[in-house]
Amino acid sequence: MNDYPALLKKYINVLVHEGGSDLHFSTGAHPTIRVSGSLSPMLKEAVLTTEDTRGFLKALITPTQESRFNEVQEIDFAYESPDKFRFRGNAFIQRGAVGIALRLVPNKILSIQELNLPEILTSFARKEQGFFLVVGPVGQGKTTTLASLVELINTERMEHIITIEDPIEYIFEPKQSLIDQREVGIDTKDFASALLSAFREDVDVLLVGEMRGPETMAAAVTAAETGHLVFSTLHTNNAAQTIDRIIDTFPPGQQDQIRLQLAASLAGIFSQRLITRISGGRIPCYELLINNKAVANLIREKRTHEINTVIETGSTEGMIDMNRSLAELVARGEITPESAYQHSLNPNVLQKLL
């Protein structure tokens with residue numbers, strides 16, 4: 001019988017020592033870590049059995065969570081090791097056995113500058129109200145970027161900040177601000193319920209871990225309209241697609257209303273990707289849409305397909321075009337031209353910039 005808590009500690013130490021981001025347990029495979037975007041199996045460790053993955057799961061979650069997992073066959077959870085390393089986890093069933101993915105949440109919340117992100121992002125943390133989204137595929141640093149903005153508010157202003165997360169990732173220590181962190185499934189039933197009750201909790205700033213479903217989106221947009229600063233994330237590729245995704249989530253009869261609300265309340269959309277650096281590690285490339293009169297008109301008039309052009313020509317207002325961001329990284333010798341092409345949504349335009 002293996003000592004799973006001890007093995008878990010050992011594998012976490014390997015992950016941290018190697019500077020990895022993720023730890024995977026899968027039946028029939030070696031324990032595997034992800035370092036700088038690439039998977040690396042621990043070949044000296046035994047291949048995991050169905051008993052092993054179930055043993056690791058017991059070491060990671062509570063009995064209550066385990067019974068829920070047995071019922072629905074997947075679960076999001078947070079785990080903090082005895083050495084104070086914090087993880088966002090997901091357990092699932094694959095071919096009848098347990099699979100586990102653990103994402104390491106850094107203990108220190110890095111600043112926008114330390115994350116190699118553009119200084120203009122800090123202006124969104126200093127707004128009194130509005131809806132600001134950070135978008136991109138899974139594992140591209142969206143949560144880390146939002147944590148940095150919330151920490152900036154926490155350091156500079158006396159605000160009441162409420163986060164609604166599934167699960168809670170970064171732990172904020174109150175500095176100037178009062179911060180309440182609510183975990184879906186433990187502290188609240190779901191995102192929509194927590195958002196609605198936030199209106200009665202004298203909140204100034206809301207961080208919603210993810211936009212899930214029309215109820216959550218409607219409540220978030222309404223909160224931004226009624227004088228709150230709202231941050232959230234979506235798994236979309238760019239700004240135009242994000243606006244379409246939000247509107248398309250609603251039934252046809254409600255789409256015009258949400259379009260008007262979004263045009264009025266949106267502050268900006270930041271899309272980011274992490275790219276392997278030539279010198280090792282990863283560096284972000286990004287796109288930034290700032291909602292101005294022209295953008296608000298395009299949203300209202302169902303002309304979101306023209307938003308990319310506005311971003312490309314809006315650099316004097318602080319907008320950032322993804323292809324320019326990629327071209328700059330190539331020019332600075334941070335990434336290869338091949339990497340830039342892989343991450344570009346419009347390689348023909350990128351070719352002219354390189």
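Rule-based calculations on the coordinates, nothing more; no lab input. Keep in mind that this is a model prediction, so the values were computed, not measured. Here the Cβ positions follow ideal geometry from the backbone for every residue, glycine too, while neighbour counts run over all protein chains shown.
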Cα radius of gyration and Dmax for segment 119-320 (Å): 16.3, 52
Which loop trypsin sites (Lys or Arg not before Pro) in segment 222-320, with loop taken from DSSP, have no more than 14 other Cβ atoms within 10 angstrom of their Cβ? 302, 303
How big is the Cα convex hull of the chain in projection, averaged over all directions, in nm²? 19.1
Evaluate the charge dipole of the chain about its Cα centre and quote only its size in Debye, nearest 20, assuming +1 on the Cβ of each Lys and Arg and -1 on the Cβ of each Asp and Glu. 640
For segment 281-354 and segment 74-129, what is the separation of their Cα centres, given in Å? 25
Of 9/189; 127/302; 108/175, pairs whose Cα-Cα distance is over 25 Å: 9/189; 127/302
Restricting attention to segment 41-83, which trypsin sites (Lys or Arg not before Pro) occupy a DSSP loop and are surrounded by at most 14 other Cβ atoms within 10 Å? 44
Just need log10 I(q)/I(0) for segment 120-176 at q = 0.17, 0.21, 0.27 Å⁻¹, Debye formula, equal scatterers on the alpha-carbon atoms, no solvent, rounded to two decimals. -0.59, -0.91, -1.39
Please sort through the DSSP H helices of the chain and keep those with an alpha-carbon extent of at least 15 Å along the long axis and a Kyte-Doolittle average not below -0.5. 4-17, 50-60, 142-156, 213-225
Looking at segment 33-111, which chymotrypsin sites (Phe, Trp or Tyr not before Pro) are in a loop (DSSP not H, G, I, E or B) and have at most 15 other Cβ atoms within 10 Å? none
Averaged over all viewing directions, the convex hull of the alpha carbons in segment 31-103 casts a projected area in nm² of 5.6
At what distance in angstrom do the alpha carbon centres of segment 136-191 and segment 28-69 lie from each other? 27
